[in-house]
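Everything below concerns the one structure shown next.
Throughout, read-outs are computed from the coordinates displayed, never taken from laboratory work. What you see is a predicted model, and the numbers here were worked out from it, not measured in a lab. Positions of Cβ are generated from backbone atoms using ideal geometry, with glycine treated the same way; all protein chains shown enter the neighbour counts.
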Amino acid sequence: MVEQYERELAVGVAAAAYVVNAIEKDEAKYRIKIEGKKQDTISRVGNSDRVSRRYSSKEVTTNTAGETSSRKSRESSKGGGLSAGDQRWKGNYSQTNNALESKADAWQNAELHKLNKRYENMKASIHEWEKEKKVRAKVKMERKKKELEKKIKRSHQVYQLKISRIDDIAGGARAQVDEKRRNEELKIKEKANQIRATGVVPFTCLCF
């Protein structure tokens, strides 16, 4: 029984170790995915930045000298405000960045939801395993308890039978001893009566 309990305990420990190992592997994969997603987002933002800057520089070079000078005069009159190309670049960059952030947030929320669900399923499996093992252990204990009670009852019955048999044997032996003593007492009394009647003491042989 002890060896079987130790085997079941070893199986439980192995199962727990397997679950913990699976959890650690899933966490490592999830961290790798997060890092890859971050690097991809940074790369895409950088590419968008370079494209917007190239677009802005081309737009500036294609403008005429009069437009450039007039824009410069308007910029100087406005006190150093942003040009139209810079404003368009800034707007495109902001929109691209917001779109990427929204997409990254949506992906992160979806992955976290799947991760939480997976771990909840693992915990539920552990709980079911624990519950099943405890029920089996209790049933086994109750069965062993009943078997032990039956053995104790049978042992007590055997004990009572043995005691009764011993009492019978001892009682029969005592009865035989008492009967033998009474017979010898009767013989002694008969010989005493003969001595009283005859006055002759019977000869006792001391031969070996």
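Below is a table of values for the structure above.
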| item | result |
| --- | --- |
| Largest-first ellipsoid semi-axes for the stretch 129-208, taking √(5λ) over the Cα gyration tensor eigenvalues, angstrom | 70, 11, 5 |
| Full-extension gain in nm, Glu128 to Lys144, via 0.36 nm per residue minus C-alpha separation | 3.4 nm |
| Derived scalar couplings ³J(HN,Hα) [the stretch 187-194; Karplus, 6.51 cos²θ - 1.76 cosθ + 1.60; whole Hz; x for Gly, Pro] | 4, 4, 5, 5, 5, 5, 5, 5 |
| Förster-model FRET efficiency, 30 Å R0, His113 and Asn21, C-beta, rounded to 0.05 | 0.80 |
| Note, ³J(HN,Hα) from phi for the stretch 122-136, Karplus 6.51, -1.76, 1.60, rounded to Hz, x at Gly and Pro | 4, 5, 5, 5, 4, 5, 5, 4, 4, 4, 4, 5, 5, 5, 4 |
| 13 Å beta-carbon shell around Asp168, net charge (K/R +1, D/E -1) | +2 |
| Within-12-Å neighbourhood charge of Ile188 [Cβ basis; K, R +1; D, E -1] | +2 |
